[in-house]
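Contents: one structure, followed by commentary.
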Amino acid sequence: MPVNPPLIVVLNGPNLNMLGVREPEKYGTATLDDVEALCAEAAEEFGLAIDFRQTNSEGELVTWVQECRGRAAGIIINPAGYTTTSIALLDALLLTELPVIEVHITNIHRREEFRHHSYVSKAATGVICGLGISGYALAMRAMAELVGEDED
Ligand code: DHK
């Protein structure tokens with residue numbers, strides 16, 4: 001276990017606080033607390049520290065992304081509804097100059113056409129979608145490789 005584990009900030013956008021009750025046939029029955037526990041478990045396995053957050057506000061999300069610059073080693077983000085609309089979020093991710101992994105619980109490409117285009121993907125090192133909340137743990141594994149904490 002490294003003395004100072006690299007910090008991975010895990011950000012969740014609007015309506016993800018409603019996981020568990022929100023359209024469970026699409027998003028599953030796990031809650032956001034379950035997602036946080038999954039991320040914490042994966043982070044421990046890969047020698048990473050996490051800061052896990054959710055907001056319904058675009059401005060707050062942009063501010064949190066900006067604050068990652070110089071503070072975090074990488075960002076895992078489910079931008080939810082801001083995926084398809086937010087150039088401000090894209091610009092914030094680009095200015096961090098950090099590895100970014102974009103996660104979607106559902107396969108956005110099998111859903112309505114308006115969900116297919118992601119501004120965030122233009123700043124993403126990689127994208128995981130359609131694998132349910134396991135996508136977050138897979139993102140943590142990939143992030144460990146990206147920040148060089150995978151060897152054990
Ligand atoms: C979550 C949302 O809230 C939607 O706006 C996206 C994404 C899909 C998800 O699959 O996690 O379109």
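The values are calculated or read from the model by the stated rules, or taken from the named source; none is laboratory data. This is a predicted model, so every value here is computed, not measured. Quick reminder, even Gly has a Cβ in these numbers, built from the backbone with ideal geometry, and neighbours come from all protein chains shown. Ligands, DNA and RNA are excluded from the accessible area calculation, which covers all protein heavy atoms including side chains. Shrake-Rupley method; radii C 1.70, N 1.55, O 1.52, S 1.80 Å.
A Gaussian network model of the chain, with springs between Cα atoms under 10 Å, assigns the largest mean-square fluctuation among L94, L131, L48 to L131. Over the chain, with a Gaussian network built from C-alpha contacts below 10 Å, which listed residue (E113, E45, E60) shows the highest mean-square fluctuation? The residue with the greatest mean-square fluctuation here is E113.
Relative contact order of the chain: 27 percent, from C-alpha pairs under 8 Å at least 6 residues apart in sequence. Amide H to amide H, with H built 1.01 Å from N, H104 comes under 5 Å of I128, C129, G130, counting only residues 5 or more places away or on other chains. Applying the criteria of a DSSP loop state and at most 14 other Cβ atoms within 10 Å to the trypsin sites (Lys or Arg not before Pro) of the range 67-132 yields R69, R71, R111.
Model label points for H109 and N15, set 7 angstrom from Cα along the Cα-to-Cβ axis, are 2.2 nm apart. Label-to-label distance, A40 versus E145, with points set 7 angstrom from Cα along the beta-carbon direction: 2.7 nm. For the range 79-86, putting each phi into the Karplus relation 6.51 cos²θ - 1.76 cosθ + 1.60 with θ = phi - 60° gives couplings of x, 6, x, 7, 3, 8, 10, 9 Hz, in residue order, rounded to whole numbers and with x for Gly and Pro.
Each of E60 and L94 was given a label point 7 Å from its Cα along the Cα-to-Cβ line. The distance between the two points is 2.7 nm. Averaged over its residues, the range 27-152 has an accessible area of 48 Å² per residue, based on protein heavy atoms and a 1.4 Å probe. The length gained by stretching the chain between T125 and T84 to full extension, at 0.36 nm per residue less their Cα-Cα distance, is 13.0 nm. Taking other residues whose beta carbon is less than 15 angstrom from the beta carbon of A92, and scoring Lys, Arg as +1 and Asp, Glu as -1, yields -2. Normalising by residue count, the range 1-42 has a Cα convex hull of 75 Å³ per residue. Give me the net charge of L11's neighbourhood, meaning all other residues with Cβ under 14 Å from the Cβ of L11; Lys, Arg count +1, Asp, Glu -1. Value of the local net charge: -3. Of V100, V120, V62, which is the most mobile in a GNM of the chain whose springs link Cα atoms less than 10 angstrom apart? Comparing V100, V120, V62 in a Gaussian network model of the chain, the most mobile one is V62. In terms of its Cα atoms, the chain spans 44, 32, 23 Å along the principal axes, sorted from long to short.
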